[in-house]
Amino acid sequence: MRTVGLTGYGRYFPDETITGPEIAERSGIPEEVVVEKMGLQEKRVCPPDEDHVTDMCVAAGEAALEDAKVDPAELDLVCYHGSEYKDYVVWSAAADIGERLGAENAYATESHTLCASAPVAMRQAAAQLRVGDVDRALLVAASREEDLIDYENQRSSFMFNFGSGASAMVLEATPGDRARAIVHEHAAVTDGSFARDVIVHAGGSLEPPSRETVAEDRHTLDVPDHEGMKERLAPVSLPNYLEVADAALERSGFDRSDLDFVALTHMKRSFHETVFDELGLDPETDGHYLSEYGHVQSADPIIALEEGRRAGLLESGDVVGFLAAGTGYTWSASVLTWRG
């Protein structure tokens, strides 16, 4: 089996921002709750007429390819694993991104596990790379789900941290000393009892779009039974995070004591700290809390990784965990060894 390496990565963010205090004002939630409890100083937002999902992915993809020193024509695979809310519905963003990047020899596909998608997409691509099905893959993700947030809907308040941006990763087989990190193993678990807890009511086959659904504001994210979801999610979320972290570590030949840095999905600050405590890590020095970006769907791990690198928190040989969760509900993890 061939070694898989992360040879380059990139990010992109729109210029516009909305601050935690502004969200508090729009939503009626106290500013202290938004900034301190939800952990949101500010986040990026997209203008209506630019920075669509594919635009952001192309920008992040170009940065990742430059970082990896890979020509787009050398890619065998372009995988989009970002938000399902994209430029068009029933449409391949991956194909458009590959075309615009010049990945003329790659096939395009998509992997959707909502906010848990980064480790899942890495797992899928790494499996192909290890067995020789492909040699180089570009994984791209973007989100502008902030468009789908109704700040007057208190039921959806846990999603008020949704921000906009993109990430990209180049994975290669047998990368030698070109690897920024060696990709090890992965894990995921799903609890499908949460499948219908977070939805956009209209736009699918159950409730097709119409003038009435638009007039009734049925096209924003909603949590119909938000109290019920919180009660059911609280007992299982931490155990499932730890289960996938432990499984990915064990499959990679490590355990919690080997972890040096974790790139974790953005969540409320107290739960972020709890996850780090359970893993035996210091949230201040062994990770980065994304309070200046919010939750950028499956782009979070690469965003946090780069913030950690810039802060000098990563050293060659460090064991890095990508840890994510997405409504549905799926928890996922990947393990890497950082090389720098």
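The values are calculated or read from the model by the stated rules, or taken from the named source; none is laboratory data. Keep in mind that this is a model prediction, so the values were computed, not measured. As a convention, Cβ positions derive from the backbone with ideal geometry for all residues, glycine included, and neighbour counts pool all protein chains shown. Side chains are part of the model used for accessible areas, which takes the heavy atoms of the whole protein and leaves out ligands, DNA and RNA. Shrake-Rupley method; radii C 1.70, N 1.55, O 1.52, S 1.80 Å.
Mind running the shape call on segment 10-160? Use the C-alpha gyration tensor, a ≥ b ≥ c as the square roots of the eigenvalues: rounded below 1.5 for a/c, prolate if a/b tops b/c, oblate otherwise. It comes out prolate by the Cα gyration axes. PRE reach from Ala311 (point 7 Å along Cα→Cβ): which of segment 40-75 fall under 15 Å by backbone N? 40-42, by backbone N distance to the label point. Accessible surface calculations at 1.4 Å, restricted to protein heavy atoms, place segment 53-103 at 42 Å² per residue. Gain on full extension, evaluated as 0.36 nm per residue between Glu278 and Val33 minus their Cα-Cα distance, stands at 85.8 nm.
Among beta bridges from DSSP that stay inside the chain, the antiparallel ones total about 70%. Of the beta bridges in segment 1-138, as assigned by DSSP with both residues counted there, near 30 percent are antiparallel. The GluC sites (Glu not before Pro) of segment 56-109 meeting both criteria, a DSSP state outside H, G, I, E and B (loop) and at most 13 other C-beta atoms within 10 angstrom of the site's C-beta, are Glu104. Ranked by the mean number of other Cβ atoms within 10 Å of their residues, highest first, the peptides 329-335, 50-56 come out as 329-335, 50-56. For the pair Asp147 and Ala73, label points projected 7 Å from Cα toward Cβ lie 3.4 nm apart.
Each stretch of four or more DSSP H residues adds -39500 (n - 2.57); spread over every residue of the chain, this sum gives -9000 deg cm²/dmol at 222 nm. Solvent-free Debye calculation, one equal scatterer per alpha-carbon of segment 147-281: log10 I(q)/I(0) at 0.20 Å⁻¹ equals -1.29. Please grab the % of Cα pairs in segment 210-340 that end up more than 26 Å from each other. So the pairs more than 26 Å apart make up 28 percent of the total in segment 210-340. May I ask which of Lys43/Lys86; Lys37/Lys86; Lys230/Lys268 have a Cα-Cα span longer than 25 Å here? Beyond 25 Å between Cα atoms: Lys37/Lys86. If you plug the beta carbon distance of Tyr107 and Leu206 into 1/(1 + (r/R0)^6) with R0 = 41 Å, you get a FRET efficiency near 0.80. Zone of Ser193 (label point 7 Å along Cα→Cβ, backbone N under 16 Å): which residues in segment 321-340? From segment 321-340, the list is 328-331.
Loop-resident trypsin sites (Lys or Arg not before Pro) (DSSP state other than H, G, I, E or B) in segment 240-277 with no more than 16 further Cβ atoms inside 10 Å of their Cβ: Lys268. Across segment 120-145, the residues whose backbone nitrogen lies under 16 Å from the label position 7 Å along the beta-carbon direction of Arg100 are 139-145. In summary, the convex hull built on the alpha carbon positions of segment 99-186 has an orientation-averaged projected area of 7.5 nm².
With θ taken as phi - 60° and the Karplus curve 6.51 cos²θ - 1.76 cosθ + 1.60 applied, the whole-hertz 3J(HN,Hα) list for segment 329-340 is 10, 10, 10, 9, 8, 9, 10, 9, 10, 6, 10, x Hz, x standing for glycine and proline. Working from label points 7 Å from Cα in the Cα-to-Cβ sense, the Ser257 to Glu66 distance is 4.4 nm.
The smallest convex shape that holds all Cα atoms of segment 256-311, its convex hull, gives 76 Å³ per residue. Peptides 144-157, 116-129 ranked from most to least packed, by the mean per-residue count of other Cβ atoms within 10 Å: 116-129, 144-157.
Remark: segment 13-60 is approximated by an ellipsoid whose semi-axes, taken from the C-alpha gyration tensor as √(5λ), come to 26, 11, 7 Å, largest first. The alpha carbons of segment 285-340 stretch over 35, 24, 16 Å along the principal axes, in descending order. Ordered from longest to shortest, the equivalent ellipsoid semi-axes for the chain are 30, 24, 18 Å, each the square root of 5 times a Cα gyration tensor eigenvalue. Fully extending the segment from Arg232 to Arg178, taken as 0.36 nm per residue of separation minus the present Cα-Cα distance, adds 15.0 nm.
Counting charges near Arg339 (Lys, Arg +1; Asp, Glu -1) among other residues having Cβ under 14 Å from its Cβ returns a value of -3. Probing with 1.4 Å while keeping every protein chain in the model, the per residue accessible area of segment 122-230 equals 44 Å².
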